[in-house]
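Structure first, commentary second.
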Amino acid sequence: MKLNRRFAGRNTADGTYRVQCGGAQRMRLAWDAKDGEMEDYLDFACLPMDENGCAEFVLSGEHSVPPGATHIRLTAEFADGHTRTRRFLIPETRRTQPIAPALRLCLMSDLHMTKKPFRLRNAIRMGSAYDAILFAGDITNDGTPEQFERVRQIIEEEAPDTPVIAVCGNHDWPHRPMPEIFDGVSNYYLFQRWLLERAQRMGVEVSEDDSGAFAARIKGVPIFGLNAVSHFRRFIFHDGRQLDWLERQLSAAGDGTKIVMCHAPLRAHRPAKESEAPYLSRDARLQAIINGAKNVVFHSGHTHVTLNEMNGCVEHDHERGHVYLNDGSICVTTFRVHEAIEEEDWLAGAVAELSIAGDEIEIAGRTIYGRKRFGRAYYRFGRKE
């Protein structure tokens with residue numbers, strides 16, 4: 001059994017992986033710790049072998065080797081059911097050391113609450129262990145009062161002491177809204193107000209703008225929320241006032257890490273961006289505002305692309321220190337580029353972990369079933385000075 005790997009650079013998991021094992025039908029690749037298996041990580045590749053017992057794949061997208069991984073474990077599977085395993089040492093220059101984060105956030109998107117709350121309940125229960133939970137839209141499936149009320153109940157039951165911050169998704173607005181008298185959390189904006197008042201009672205600094213945007217500050221990290229959804233589920237920034245507000249906020253926020261939440265991703269940082277029009281009505285303006293700042297984490301959803309994407313689910317702007325995270329869904333997801341073998345766990349509902357420690361940020365993808373981490377959804381980036 002052989003592994004030939006050519007890493008793309010220091011401190012990265014990106015590169016070309018070639019495997020060989022005569023007679024094997026397929027090969028699994030996973031991260032291993034010094035003392036054995038990293039049981040909380042899923043395999044990062046599963047490859048069909050050709051007639052010569054060979055296969056290869058390429059990781060790109062600035063993946064990092066997870067902290068604690070010292071070896072790559074190959075498991076060859078044969079037609080008669082038996083397996084063969086071998087471990088290969090990861091060079092010191094490619095390994096990642098753990099960080100001690102000052103802030104840990106659980107990011108999730110596209111919750112699509114209906115009458116079956118199991119996925120949502122599981123995800124929010126996971127998020128209760130973090131400093132806060134961030135929803136990047138599509139909290140409900142139909143924007144009905146009953147669905148918002150059900151989400152509220154689950155938050156109170158599963159994360160009673162954890163702040164939750166959210167922006168609106170296209171499914172959080174009724175497709176054909178009718179005039180109603182609202183109370184409680186019966187529409188998105190009442191739900192958002194409830195979340196922000198609840199977070200404020202937990203010590204989170206909160207401010208709302210009459211444009212529909214808002215700001216929250218958790219452990220010194222500012223979070224800016226944009227609501228770009230309107231009647232008939234169109235992605236519209238009405239008269240651009242939210243963007244004017246965001247530009248002022250980012251200008252005053254300094255060069256530290258900042259988070260901008262918007263359900264729709266920017267055109268330049270989403271799957272299939274080459275062939276499709278922007279989702280957002282003022283996409284170019286929003287991109288220019290982000291480009292005028294430093295160290296922005298742009299958290300979006302909408303696409304339902306898996307966090308386990310081989311070519312990466314995160315984009316890093318080295319020049320400005322920005323990170324664009326298109327968070328898949330807690331529902332079943334899909335690949336941007338399909339693979340010969342797609343493991344069921346890779347497409348399961350998941351959340352993203354964002355950890356901030358001084359001049360570094362860490363991103364990891366984690367399933368809501370079994371709570372295992374994706375083997376190729378770990379990233380580590382430094383802050384732009």
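Out of everything in the range 203-236 that is among the hydroxyl-bearing types (Ser, Thr, Tyr) and touching a residue at least 12 places away in the same chain (Cβ under 8 Å), what residue ends up being nearest to Asp172 (Cα to Cα)? So, considering only residues that are among the hydroxyl-bearing types (Ser, Thr, Tyr) and touching a residue at least 12 places away in the same chain (Cβ under 8 Å), the one nearest to Asp172 (Cα to Cα) is Ser230. Restricting the search to helices (runs of 4 or more DSSP H) fully inside the range 99-218 and requiring at least 2 residues that are farther than 30 Å from Lys372 by Cα and in the same structural domain as Val260 (by TED's automatic domain parsing) gives 145-158, 188-201. Using the structure shown, decide if His82 is closer than 18 Å to Trp346 by Cα and out of contact with any Leu (no Cβ under 6 Å at 6 or more places or on another chain). The answer is no for His82. Taking the condition of being out of contact with any Asp or Glu (no Cβ under 6 Å at 6 or more places or on another chain), buried (at least 22 other Cβ atoms within 10 Å of the Cβ) and part of a loop (DSSP other than H, G, I, E, B), how many residues in the range 304-332 meet it? Here the count works out to 8.
Residues checked against (1) of a type outside the set (A, V, I, L, M, F, W, C); (2) in contact with a strand residue (DSSP E or B) (Cβ under 6 Å, 6 or more places away or on another chain); (3) closer than 24 Å to Ala268 by Cα:
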| site | (1), (2), (3) |
| --- | --- |
| Asp327 | yes, yes, yes |
| Ala357 | no, no, no |
| Ile361 | no, yes, yes |
| Arg371 | yes, no, no |
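Looking across Thr140, Thr114, Thr162, one residue alone is of a type in the set (Ser, Thr, Tyr), out of contact with any Leu (no Cβ under 9 Å at 6 or more places or on another chain) and at pLDDT 90 or above. It is Thr162.
Checked across the range 292-303, the condition of being in contact with a helix residue (DSSP H, G or I) (Cβ under 6 Å, 6 or more places away or on another chain), more than 25 Å from Thr12 (Cβ to Cβ) and either modelled with pLDDT of 90 or more or not hydroxyl-bearing (Ser, Thr, Tyr) (or both) holds for at least one residue. Restricted to the range 349-373, and to residues there that are touching a Phe, Trp or Tyr at 6+ places or on another chain (Cβ under 9 Å) and not in a strand (DSSP E or B), the residue that is nearest to Ala102 (Cα to Cα) is Lys372. Checked against (1) in contact (Cβ under 8 Å) with a residue 24 or more places away in the chain; (2) not in a loop (DSSP other than H, G, I, E, B), Arg6 meets all criteria but (1). The residue that is farthest from Leu354 (Cα to Cα), counting only those in the range 237-280 that are surrounded by fewer than 18 Cβ atoms within 10 Å (Cβ to Cβ), touching a residue at least 40 places away in the same chain (Cβ under 8 Å) and within 23 Å of the chain's Cα centre (by Cα), is Ala272.
The values are calculated or read from the model by the stated rules, or taken from the named source; none is laboratory data. As the structure is a computational prediction, the values presented were derived from the model and not from experiment. No Cβ is skipped: glycine too gets one built from the backbone with ideal geometry, and neighbour counts run over all protein chains shown.
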